[in-house]
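See structure below.
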Amino acid sequence: MQLTLSDRKFFECTAEKKADCFPTIKALTDFATTARTKGLLALEDPVNKCEDPFLKYAILLVVDANDPDKVDELLSQHFVLSSATGADALRMFMIIRGARSISCGTNPRLIEEMLLFMLADDDLSKQYCDWKQSMQSVPEQPNGITHADIEAAIKGAENNG
C-alpha cells in the first residue's frame with residue numbers, strides 16, 4: 001500500500017499538533033544533507049542517536065541501500081499496522097516520504113519544502129522557519145523553490161513508488 005496526500009483523513013489535526021512535526025522535518029532535512037554531502041553510510045552514527053524508533057528504522061532502511069520502492073513499501077506497512085491518526089499519522093507520513101526522497105538522492109532543501117507543504121498551512125511554514133532559526137544562528141535564506149516544484153517533487157516521489 002502506498003500512501004498519498006489524498007489520504008488526508010488520517011492527518012487531520014490542529015495546527016498546534018502539526019507544529020509537533022517540526023523536529024521531524026528538521027531531522028529528515030539534516031539526514032538528507034548528510035547523505036548528500038557525505039554519503040548514506042555517514043547516517044549511521046547520527047541515526048543511532050535518534051530517539052524516534054520509526055524515524056530510526058526508516059533511515060536505517062535507507063542506509064542499508066534498500067531500493068526506494070522497498071523502503072516505501074516497508075514503511076507504509078508499518079504505518080497501516082500502527083493505526084496512527086492525526087499528528088502521529090502526519091509525522092509517520094512525513095518520515096515515509098522523507099526517507100524515500102533521501103534514498104532517491106533528492107535535494108535536502110526540496111525535501112524540507114515538500115515536508116512543509118504537507119503541513120498545508122502557510123502560517124505553520126513560517127512558524128517552522130522561525131523555529132528553525134531559533135535552533136541555529138544561521139539565518140534562513142530565500143530558496144526560490146516554487147509551489148509547483150514542491151507538488152512535482154511529491155508527485156514524483158509518489159509515482160516512483
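Every read-out reported here was derived from the displayed coordinates using simple, explicitly stated rules and does not represent laboratory data. These numbers come from a predicted model, not from an experiment. Note: ideal-geometry Cβ built from the backbone for every residue, glycine included; neighbour counts use all protein chains shown.
Quick notes on this structure:
- Considering (1) in contact with a Cys (Cβ under 6 Å, 6 or more places away or on another chain); (2) under 20 Å from D122 (Cα atoms); (3) without any contact (Cβ under 8 Å) to a residue 24 or more places away in the chain, the lone condition that P23 does not fulfil carries the number (1).
- Selection from segment 76-85 of residues that are surrounded by 15 or more Cβ atoms within 10 Å (Cβ to Cβ) and either in contact with a Cys (Cβ under 9 Å, 6 or more places away or on another chain) or farther than 22 Å from E16 by Cβ (or both): S76, H78, F79
- One residue from T106, T29, T34, T24 being under 24 Å from Q136 (Cβ atoms) and assigned to a loop (DSSP other than H, G, I, E, B): T106
- Condition check for G98: closer than 22 Å to Q133 by Cβ and touching a residue at least 24 places away in the same chain (Cβ under 8 Å): yes
- Qualifying positions in segment 36-75 - surrounded by fewer than 18 Cβ atoms within 10 Å (Cβ to Cβ), in contact (Cβ under 8 Å) with a residue 60 or more places away in the chain and farther than 20 Å from R109 by Cα: D69, E73
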